[in-house]
Amino acid sequence: MLDIAAICLVVTALLSYLNHRFVRLPTTIGVMVIALGFSLLIVALSAAGLDHGLRRYEESFLRTLDFSEVLMQGMLSFLLFAGALHVDIAALKQYRFTVAGLALVGTLLSTVLVGLGMWLALPFLGVPLPLLYCLLFGALISPTDPIAVMGILKSAGAPKTLELVISGESLFNDGVGVVLFSLLLGVLASGGLPTATEGFTLLAHEAGGGIVFGLALGLITVWLLKTIDQYQVEVLITLAAVVGGYALAAHLHVSGPLAMVVAGLMVGNGGRARAMSDTTRRYVDMFWELIDEILNAVLFVLIGMEVLVISFSAPLLLAGAVAILVALLARWLTVGLPVRAGARWLQLPPGSARVLVWGGLRGGISVALALSLPGGPERDVVLTLTYCVVVFSILVQGLSIGRVVRTTGARAE
């Protein structure tokens, strides 16, 4: 484990240096581009018989690493807590119905639309996939991951309200998507469909239980922070809340991602305002900003490297292109149209629909969920489709979202 962690950190540090020194893209996107480029170079050298075992070594490393386990049981808790820590609840309240609708209803509808769309389209491409696997693909590709785009939105002058809606939606639809994926994966494992009551009960237990557990965890953490004034101990308390809370949520069979989001919101608002001194607040903010930056860089390096374990063929690449179009269409139907129709009532600036659609990036969670599927040809197809959508999302959408903001008129005042 120590060797794996050392390799990940050393490679990430080197690629971050190369990006900052020469490429100069946003860090997460830049390290992924370089990692992807190196991996594709290794593939080309291997095809020519000149890689001297590099491809075999990197593939062995990736399989030993278990990307899905590392992200879902390790990185995710830190990333979600750190992301929620700086979301202003007071400002978010104004858009609570918008965020809730996009995160819950939007994710559910997107799952169905993507699943049915791919189920209908794939047979024409010579890559048929059972409906349940198509729905699993819909569930794992519907949650958005705006981490890489938030800095670009700020530099492009996007309104704070739009940033708030995008980040709020992403934090909560990650949890909803994971719960929905788990429900469908249970159907795949059992071979039988649950009743509507059973499905609703499981969803309520996982999602509702995660929110309630997050509230309890947040209250306890804030109370502990309020009773002392020692920044070293208080930083340690927030770290323990994330690690211990996520592990306990798994034992209670409630949604750990939603628990981390709720706990992060509570600590980041009530905790930072009423339970921390200025010194503690500064150190807590710096600690979690560093954790967020480091883990995101590692995550995107791993995404770039994962290309070596993806199966590619002409039909699969064509199917991947169709998956990109279907995912964007579903995003437009479930997010773009409602926001465009109700922009005035939602109090969002003109052009918000286009920014929300194009800024809905997919990321590491989607790849991790695809890797968690049981082995077989269906998993290989889903993994390839997922990787195509994620790479397009990060490289094309992530690098062009600033231009979309500038051309739609959705600018900060």
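Points to keep in mind about this one:
- Net charge dipole size for the chain [Lys, Arg +1 and Asp, Glu -1 on Cβ; Debye, nearest 20]: 1200 debye
- Here the residues V11, V23, ranked from fewest to most Cβ neighbours within 10 Å of their Cβ, fall in the order V23, V11.
- Every Cα-Cα pair in region 293-335 was counted, and those over 18 Å apart are 55% of them.
- Remark: the I228-Q347 segment gains 38.8 nm on full extension, using 0.36 nm per residue and subtracting the alpha carbon distance.
- Volume of the convex hull of region 27-142 (Cα atoms only), normalised per residue: 167 Å³.
- Once C-alpha pairs closer than 8 Å and six or more residues apart are averaged by separation and normalised to the residue number of region 196-267, the relative contact order reads 49 percent.
- The distance separating the Cα centre of region 224-253 from that of region 111-127 comes to 43 Å.
- Loop-resident chymotrypsin sites (Phe, Trp or Tyr not before Pro) (DSSP state other than H, G, I, E or B) in region 230-334 with no more than 16 further Cβ atoms inside 10 Å of their Cβ: F312.
- Using θ = phi - 60° and Karplus 6.51 cos²θ - 1.76 cosθ + 1.60, couplings along region 52-62 (whole Hz; Gly, Pro as x): 6, x, 4, 5, 4, 5, 5, 4, 4, 4, 5
- Couplings for region 28-36, taken from phi via the Karplus curve 6.51 cos²θ - 1.76 cosθ + 1.60 with θ = phi - 60°, read 4, 5, x, 5, 5, 4, 5, 4, 5 Hz in order; Gly and Pro are left as x.
- Computed over region 98-245, Kirkwood Rh from alpha-carbon pairs, angstrom: 18.0 Å
- A helix-only calculation puts the chain at -22500 deg cm²/dmol for mean residue ellipticity at 222 nm, using -39500 (n - 2.57) for each DSSP H run of at least four residues, averaged over all residues.
- Contour excess over end-to-end distance, with Cα ends at L318 and A247 and 0.36 nm allotted per residue: 21.6 nm
- Summing +1 for each Lys or Arg and -1 for each Asp or Glu among the other residues whose beta-carbon sits under 15 angstrom from that of A5 gives -3.
- Long-range tail of P(r) for region 357-407 (Cα pairs > 15 Å, %): 49 percent
- Neighbour counts of C-beta atoms inside 10 Å place M286, M72, M118, M260 in the sequence M286, M72, M118, M260, starting with the fewest.
- Mean Cα-pair separation over length for the chain, i.e. relative contact order, pairs under 8 Å, 6 or more apart, %: 28 percent
- Calculated on the alpha-carbon coordinates, the convex hull of region 261-413 measures out at 165 cubic angstrom per residue.
- Placing unit charges on the Cβ atoms of the charged side chains and taking the dipole of region 3-70 about its Cα centre, the candidate lying farthest along the positive direction among G49, S60, N19 is N19.
Each value in this text was obtained by applying a stated rule to the coordinates, not by laboratory testing. Treat the numbers as computed from the prediction; the structure is a model and nothing was measured. Cβ coordinates were reconstructed from backbone atoms using ideal geometry, including for glycine residues, and neighbour counts include every protein chain displayed.
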